[in-house]
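Below: the structure, in structure tokens.
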Amino acid sequence: MMSRKPTHLQQSNQKKGYTCLLLALLSFTPAQRLWAQLGATSLHGPGIGFSVDYLPASHYIRGEDSVKTKSTTAQIRYNFGAAFMLSNRIDTATGMVRNWTLAASGSYTQLTNKDYDDKIFPEELLGTQLAVQHFRSINKRWGMVSVLSVGLYTDMEKIDRNDIFINGGVLFIKQVNPRFAYGIGAMFTNTFGTPMLLPAFMIRWQTQNKYKVDINFPEKLSISSSLNKYTDLALAFRMNGAAYDVEKGADKKRLLAHSEMSIGLENTWHLSKRIDFVASGGALLLNQNSFTEKKLSEMFSDKPKARLATNYFFSGGLRWNFQSRH
């Protein structure tokens with residue numbers, strides 16, 4: 001039987017579905033993705049970190065016809081994150097684990113917009129979040145992680161209940177072997193106003209060779225190597241996304257959905273057994289925004305994407321790990 005090529009309508013619906021699913025996946029892991037960032041300063045366990053991301057001016061590409069305009073937008077993003085282990089119990093007889101983690105994060109972005117005929121992007125964005133995560137072993141192979149987070153995501157023009165975003169869910173994780181694990185579950189979110197339930201999944205695979213491969217979907221894919229006991233170097237592909245409530249968005253739409261993809265080199269210097277300095281730089285392959293109403297009916301609506309042209313970035317920050325390196 002000959003296979004039929006998907007129609008234009010089918011392709012459009014698929015693209016809309018993928019965009020929504022990606023936003024949901026990126027929203028599910030607040031305790032792991034402690035703050036929006038391009039660099040590698042994210043925490044690997046309990047600790048505190050901050051970083052600064054710099055994106056020079058990039059030309060605006062109109063969503064309706066994909067024409068690169070004279071308008072430009074530059075960004076500086078200040079990020080903070082902290083994670084604290086509230087409790088950690090291990091049954092010495094069975095090896096079963098139960099723990100609770102509290103995570104707090106914040107991200108403030110300044111946008112410098114020039115030569116726009118009409119206002120497209122806000123001048124500043126603020127995202128703050130508080131998340132509680134619980135993990136417990138089910139048996140030797142399976143574990144369950146549950147997450148609940150409350151966040152404020154706003155353009156700071158006016159702050160009200162529409163700026164509050166609530167996410168939560170449950171993920172069942174199977175540790176197939178010491179290197180590979182996967183998880184399936186469900187999450188709920190009020191990103192589109194009405195609380196809704198969506199599928200969620202994750203994949204994690206690591207090697208422990210001289211060149212360490214780390215796949216942590218939907219966050220990153222990286223290849224790293226220890227140059228010496230003080231320095232690590234990595235090549236990383238990262239995905240990042242967030243949703244904000246804005247007062248004066250394009251076409252007077254309230255919900256700004258942002259997604260980006262980057263690839264770059266990440267250099268980590270171990271200043272001590274607990275403190276790391278991280279610097280990274282590379283190419284921003286995708287910097288895309290869409291404006292919709294905060295309604296469930298808008299979830300799969302086909303809206304033009306307000307894009308910024310391919311750009312480069314620089315990021316630097318400090319990470320204080322509460323647990324010392326071995």
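The values are calculated or read from the model by the stated rules, or taken from the named source; none is laboratory data. Bear in mind the structure is a predicted one, so any value in this text is a computation, not a measurement. Neighbour counts are summed over all protein chains in view; Cβ atoms, including those assigned to glycine, are modelled from backbone coordinates with ideal geometry. Please note that ligands, DNA and RNA were not included when accessible areas were found on the heavy atoms of the full protein model with its side chains. Shrake-Rupley method; radii C 1.70, N 1.55, O 1.52, S 1.80 Å.
Overview of values
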{"quantity": "Filter result (within 30 Å of LEU308 (Cα to Cα) and aliphatic (A, V, I, L, M)) within the range 58-83", "calculated": "ILE61, VAL67, ALA74, ILE76"}
{"quantity": "Matching residues, the range 194-209, being closer than 29 Å to GLY169 by Cβ and not in a strand (DSSP E or B)", "calculated": "THR194, PRO195, THR207"}
{"quantity": "Residue check, ARG204 touching a Gly at 6+ places or on another chain (Cβ under 9 Å) and more than 26 Å from LYS140 (Cα to Cα)", "calculated": "no"}
{"quantity": "Only listed residue being among the small types (Gly, Ala, Ser) and within 28 Å of LEU285 (Cβ to Cβ), chosen from SER87, SER58, SER146", "calculated": "SER58"}
{"quantity": "The range 218-239 residues that are over 21 Å from TYR182 (Cβ atoms), paired with ones that are at pLDDT below 90 and among the aromatic types (Phe, Trp, Tyr) (beta carbon under 6 Å, 6 or more apart)", "calculated": "SER225/TYR211"}
{"quantity": "Qualifying positions in the range 186-214 - more than 21 Å from ALA236 (Cβ to Cβ) and of a type in the set (A, V, I, L, M)", "calculated": "ALA186, MET187, MET196, LEU197, LEU198, ALA200"}
{"quantity": "Test result for LYS212, outside any strand (DSSP E or B), open to solvent by 60 Å² or more (accessible area, probe 1.4 Å) and more than 18 Å from SER315 (Cβ to Cβ)", "calculated": "no"}
{"quantity": "Residue match in the range 84-101 (condition: within 20 Å of the chain's Cα centre (by Cα), open to solvent by less than 70 Å² (accessible area, probe 1.4 Å) and farther than 24 Å from ALA306 by Cβ)", "calculated": "yes"}
{"quantity": "Extreme residue, farthest from LYS119 (Cα to Cα), among residues of the range 269-283 that are among the aliphatic types (A, V, I, L, M) and open to solvent by 20 Å² or more (accessible area, probe 1.4 Å)", "calculated": "LEU271"}
{"quantity": "Matching entry among MET144, MET156 (being on the phi > 0 side of the Ramachandran plot, of a type in the set (A, V, I, L, M, F, W, C) and either at pLDDT 90 or above or surrounded by 15 or more Cβ atoms within 10 Å (Cβ to Cβ) (or both))", "calculated": "MET156"}
{"quantity": "Pair list, Cβ < 6 Å and 6+ apart or interchain, from the range 187-198 residues that are more than 17 Å from THR292 (Cβ to Cβ) and among the aromatic types (Phe, Trp, Tyr) to residues that are open to solvent by 40 Å² or more (accessible area, probe 1.4 Å) and part of a loop (DSSP other than H, G, I, E, B)", "calculated": "PHE188/PRO195"}
{"quantity": "Any hit, the range 107-119, residues being of a type in the set (A, V, I, L, M), open to solvent by 50 Å² or more (accessible area, probe 1.4 Å), modelled with pLDDT of 90 or more and in a strand (DSSP E or B)", "calculated": "no"}
{"quantity": "When residues of the range 218-268 are limited to those that are basic (Lys, Arg) and surrounded by fewer than 21 Cβ atoms within 10 Å (Cβ to Cβ), the one modelled with the highest pLDDT", "calculated": "LYS229"}
{"quantity": "Qualifying position, being under 19 Å from PHE80 (Cβ atoms) and either of a type in the set (S, T, N, Q) or in a strand (DSSP E or B) (or both), among LEU148, LEU152", "calculated": "LEU152"}
{"quantity": "Whichever residue in the range 185-206 is open to solvent by 60 Å² or more (accessible area, probe 1.4 Å) and within 18 Å of the chain's Cα centre (by Cα) and, among such residues, is nearest to THR112 (Cα to Cα)", "calculated": "PHE188"}
